[in-house]
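The structure under discussion appears below in the form of structure tokens.
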Amino acid sequence: MPAHPVVPSAPPTPQATTRVHEPRREDCPWCGSARLRNRLRTGDLRQYKPGGFTVDECRDCGHTFQNPRLTVEGLALYHRTVRGAPRDQAADLLLALRGSRLRHRSAARAMRRFGEPESWLDVGTGHARFPATAREFFPYTAFDGLDPTPRVVRARSADRVEEAHVGRLTDPRIAAVLRARYDVVSMLHHLEGTADPRAELRAALAVLRPGGHLLVETLNPRSVFAALLGRWWLPYDQPRHLHLLPPQNLRAELEAAGCTVLTLDHRPAHVPHDLSGATALALSHALPAPDTPWRAIPPPQAHQHLRTALLRAGVPLVALAAVADHLIAPVARRTRCANAYRVIARKQP
């Protein structure tokens, strides 16, 4: 008799390999209020990894956060790229727009009115594309990069940064080495992925010299699109985004730390991807599920061929939504529809 085909066993899910969630909080991690409301429950819409995630909002201060929050180990698991995982069109769209050279030029240009700094640290720099762009405006500035991944080391090899630091700014070892070394610290879409954004801000101020400047761009949970699109709003990006800070909370925190907030502006930081990102996510999840490395049994080939064909057919729909995003962008960035904001603050001399 012919041998029965061997069905591969399912790869261990994150829940089976490690503790991925901390205990659920009954109070706001920002202000301590117990007046919480649920904003959404969702799965991993980008990578189809197993697990369910909840986002809550504080009714008092508006802080929006993942609850229960992923542990450090859990966050690493959901960030990890796995060979054979399906290509994520929505994430490609988000990263292309958020990390574009045009946006980096806008952020660097905003710092020109403060003169040319001697030293600049880019936190969460990744491949250090922002320092490489900012050097066009500040050719005599020494740019360093910090990132929890070895990408920053490769960026140093490519001469995008002068010094590469692997780790987190809140690590006491790194904080001690970098204390009061920099005239500028930048955090572009970094705070939303950190376990404790308040601690990150304090650590950033600690490595700034007196009179130095902090440049922050982050997501706006008060965006109208967040309410309208719900779980399909791409910036929620569960489970990788842990905290979304309302602008007034960030301003108050910096002022309480003795900083002067020089700029708080939605217009230059808005990323026109709300409708196109939601369309790409919704289309992907309306079709037959993709094959992924964490499925016990692969789906039939016919389903995969159908999914590929329908995704290609849906490209014009996503493109049309992208056109709409750009058409409404001039209005969106000046209203409550803006999905991000920029803060520039000066540390007390």
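Scan the stretch 128-146 for residues that are in a loop (DSSP other than H, G, I, E, B), crowded, with 18+ Cβ neighbours inside 10 Å and either touching a helix residue (DSSP H, G or I) at 6+ places or on another chain (Cβ under 6 Å) or acidic (Asp, Glu) (or both) and the total you get is 1. Of all the residues in the stretch 229-256, those that are more than 17 Å from Gly62 (Cβ to Cβ) and aliphatic (A, V, I, L, M) number 2.
Scanning the stretch 189-200 for residues that are aliphatic (A, V, I, L, M) and buried (at least 24 other Cβ atoms within 10 Å of the Cβ) yields one hit, Leu191.
Ala319 falls short of the stated requirement of being within 29 Å of Ser223 (Cβ to Cβ) and surrounded by 13 or more Cβ atoms within 10 Å (Cβ to Cβ).
Please enumerate the residues belonging to the stretch 147-167 that are charged (D, E, K, R) and either touching a helix residue (DSSP H, G or I) at 6+ places or on another chain (Cβ under 7 Å) or over 19 Å from Asp196 (Cβ atoms) (or both).
If the condition is that a residue be charged (D, E, K, R) and either touching a helix residue (DSSP H, G or I) at 6+ places or on another chain (Cβ under 7 Å) or over 19 Å from Asp196 (Cβ atoms) (or both), then Arg151, Arg154, Arg156, Asp159, Arg160, Glu162, Glu163 are the ones that fit.
Applying the set (1) in contact with a Pro (Cβ under 8 Å, 6 or more places away or on another chain); (2) among the β-branched types (Val, Ile, Thr); (3) in the same structural domain as Ala195 (by TED's automatic domain parsing) to Thr263 leaves exactly one unmet item: (1).
If you go through the stretch 323-349 and keep only what is out of contact with any Gly (no Cβ under 9 Å at 6 or more places or on another chain) and part of a helix (DSSP H, G or I), you end up with Val323, Ala324, His326, Leu327, Ile328, Ala329, Pro330, Val331, Ala332. Here the stretch 257-295 is the region considered, the condition is being among the aliphatic types (A, V, I, L, M) and assigned to a loop (DSSP other than H, G, I, E, B), and the residue that is nearest to Leu201 (Cα to Cα) is Ala257.
The values are calculated or read from the model by the stated rules, or taken from the named source; none is laboratory data. The structure displayed is predicted, hence computed values, not measured ones. Note: ideal-geometry Cβ built from the backbone for every residue, glycine included; neighbour counts use all protein chains shown.
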